[in-house]
Amino acid sequence: DTAVSQTPKYLVTQMGNDKSIKCEQNLGHDTMYWYKQDSKKFLKIMFSYNNKELIINETVPNRFSPKSPDKAHLNLHINSLELGDSAVYFCASSQDSGPYGYTFGSGTRLTVV
Amino acid sequence: SQQGEEDPQALSIQEGENATMNCSYKTSINNLQWYRQNSGRGLVHLILIRSNEREKHSGRLRVTLDTSKKSSSLLITASRAADTASYFCATDRWTGNQFYFGTGTSLTVIP
């Protein structure tokens, strides 16, 4: 009955590879997000997406692309991975009309070697 | 750029004491939220306070908001060892519903 689930939980890969992280929410929320948390615990928003628009943080490299097959899923695809991409990536969702905040997944720890 | 900044960066207290964390932000907001993150886990939403509210309570949590000073505080009363975690404030900008997080306050409650 997990609300926001991400897979995989851990991902170790070599530089230059392409990888995807999957996210699914069963809350019926309108909007989904991807955040990156670095080693200093700073959380940076990367994308927000609902069925109307994709909002991209302008500092996110275009090697990162969100893909949403439907309202309940927002996957993150990363091309040509770099060492600096190592971080924990969190998926989250929210209901636009409600004051309930975000529901976060448990994170994917990406390590690029 | 980073929207919220928490202060202090780290806080260590004895069980039973109160813990106060502060958050300052830079631009006008609609809402401010506080989250908790246990080590190795995702963030858990604690409380949301709107820009027209000054104080909000939830159990042992008390949040205040001063929009004139662009600051908020989170008070945890009668702390417990289980409160040990990082606490983040998150603010939205008046134009949208994206929330921007600070770097958090790491709270350690010593049993």
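The values are calculated or read from the model by the stated rules, or taken from the named source; none is laboratory data. On a predicted model such as this, the values are computed, not experimentally measured, just so you know. Neighbour counts are summed over all protein chains in view; Cβ atoms, including those assigned to glycine, are modelled from backbone coordinates with ideal geometry. For accessibility, only protein heavy atoms count, side chains too; no ligands or nucleic acids. Shrake-Rupley method; radii C 1.70, N 1.55, O 1.52, S 1.80 Å.
Counting only residues that are within 14 Å of chain A (Cβ to nearest Cβ) and farther than 30 Å from residue A:9 by Cβ, which one in the range B:46-58 is least open to solvent (accessible area, probe 1.4 Å)? Steps first, answer last, please.
As a first pass, look at the range B:46-58 and keep what is within 14 Å of chain A (Cβ to nearest Cβ): B:46-53, B:56, B:58.
Of the ones still in play, those that are also farther than 30 Å from residue A:9 by Cβ are B:49-53, B:56.
Working: B:49: 1, B:50: 95, B:51: 40, B:52: 122, B:53: 53, B:56: 66 Å².
Per the criteria, the residue is B:49.
I need the full set of residues from the range A:56-75 which are within 13 Å of chain B (Cβ to nearest Cβ) and more than 13 Å from the chain's Cα centre (by Cα), in order please. Spell out how you get there, then give the answer.
Step one: of the range A:56-75, the residues within 13 Å of chain B (Cβ to nearest Cβ) are A:56-60.
If the condition is that a residue be within 13 Å of chain B (Cβ to nearest Cβ) and more than 13 Å from the chain's Cα centre (by Cα), then A:58, A:59 are the ones that fit.
Can you pull out the residues in the range A:18-48 that are surrounded by 13 or more Cβ atoms within 10 Å (Cβ to Cβ), more than 14 Å from residue A:109 (Cα to Cα) and away from chain B (no Cβ under 11 Å)?
Of everything in the range A:18-48, those that are surrounded by 13 or more Cβ atoms within 10 Å (Cβ to Cβ), more than 14 Å from residue A:109 (Cα to Cα) and away from chain B (no Cβ under 11 Å) turn out to be A:24, A:25, A:27, A:29, A:32.
Give the residue that is nearest to residue A:54 (Cα to Cα), with candidates limited to residues of the range A:76-110 that are surrounded by fewer than 19 Cβ atoms within 10 Å (Cβ to Cβ) and more than 14 Å from chain B (Cβ to nearest Cβ).
Top of the filtered list is A:77.
Within the range B:46-66, how many residues are part of a loop (DSSP other than H, G, I, E, B) and either farther than 22 Å from residue B:8 by Cβ or in contact (Cβ under 8 Å) with a residue 40 or more places away in the chain (or both)?
Pass one, the range B:46-66, residues part of a loop (DSSP other than H, G, I, E, B): B:51-54, B:59-60.
Now drop any that are not either farther than 22 Å from residue B:8 by Cβ or in contact (Cβ under 8 Å) with a residue 40 or more places away in the chain (or both), which leaves B:51-54, B:59.
Going through the range B:46-66 one residue at a time, the tally reaches 5.
Quick one: what pairs do we get from the range A:52-78, first residue within 15 Å of residue A:91 (Cβ to Cβ), second open to solvent by 60 Å² or more (accessible area, probe 1.4 Å) and assigned to a loop (DSSP other than H, G, I, E, B), C-beta under 8 Å, 6+ apart or different chains?
A:71/A:51; A:72/A:26; A:75/A:69; A:77/A:18; A:78/A:18
For the range B:72-91, indicate whether the set of residues that are under 10 Å from the mean Cα position of the chain (by Cα), part of a loop (DSSP other than H, G, I, E, B) and in contact (Cβ under 8 Å) with a residue 12 or more places away in the chain is non-empty.
no
Residue-by-condition table, conditions (1) in contact with a helix residue (DSSP H, G or I) (Cβ under 6 Å, 6 or more places away or on another chain); (2) open to solvent by 10 Å² or more (accessible area, probe 1.4 Å); (3) assigned to a strand (DSSP E or B):
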residue	(1), (2), (3)
B:6	no, yes, yes
B:12	no, yes, yes
B:20	no, yes, yes
B:27	no, yes, no
B:33	no, no, yes
B:41	no, yes, no
B:44	no, yes, yes
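Small (Gly, Ala, Ser), open to solvent by less than 20 Å² (accessible area, probe 1.4 Å), outside any loop (DSSP other than H, G, I, E, B) and closer than 30 Å to residue B:105 by Cβ: does that describe residue A:5? I'd like the intermediate steps shown before the answer.
Working: small (Gly, Ala, Ser): yes; open to solvent by less than 20 Å² (accessible area, probe 1.4 Å): no; outside any loop (DSSP other than H, G, I, E, B): yes; closer than 30 Å to residue B:105 by Cβ: yes.
Considered against the rule, which asks whether it is small (Gly, Ala, Ser), open to solvent by less than 20 Å² (accessible area, probe 1.4 Å), outside any loop (DSSP other than H, G, I, E, B) and closer than 30 Å to residue B:105 by Cβ, residue A:5 comes out as no.
Output the residues belonging to the range A:50-71 that are part of a loop (DSSP other than H, G, I, E, B) and either among the aromatic types (Phe, Trp, Tyr) or buried (at least 16 other Cβ atoms within 10 Å of the Cβ) (or both). Full working, then the answer.
Residues of the range A:50-71 part of a loop (DSSP other than H, G, I, E, B): A:50-53, A:57-63, A:68-71.
Correct list: A:50, A:57, A:60, A:68, A:71.
Only one residue in B:95, B:77, B:84, B:27 is modelled with pLDDT of 95 or more and over 30 Å from residue A:10 (Cα atoms), so which one is that? Before you say what the answer is, go through the steps one by one.
Numbers: B:95 fails: modelled with pLDDT of 95 or more; B:84 fails: over 30 Å from residue A:10 (Cα atoms); B:27 fails: modelled with pLDDT of 95 or more.
Only one candidate passes the filter, namely B:77.
Yes or no: residue B:77 out of contact with any Lys or Arg (no Cβ under 6 Å at 6 or more places or on another chain) and among the hydroxyl-bearing types (Ser, Thr, Tyr)?
It is false that residue B:77 is out of contact with any Lys or Arg (no Cβ under 6 Å at 6 or more places or on another chain) and among the hydroxyl-bearing types (Ser, Thr, Tyr).
Scan (1) surrounded by fewer than 15 Cβ atoms within 10 Å (Cβ to Cβ); (2) touching a Lys or Arg at 6+ places or on another chain (Cβ under 7 Å); (3) under 26 Å from residue A:89 (Cα atoms) for the single condition residue B:82 breaks and write down its number.
Here residue B:82 meets the rest and fails (2).
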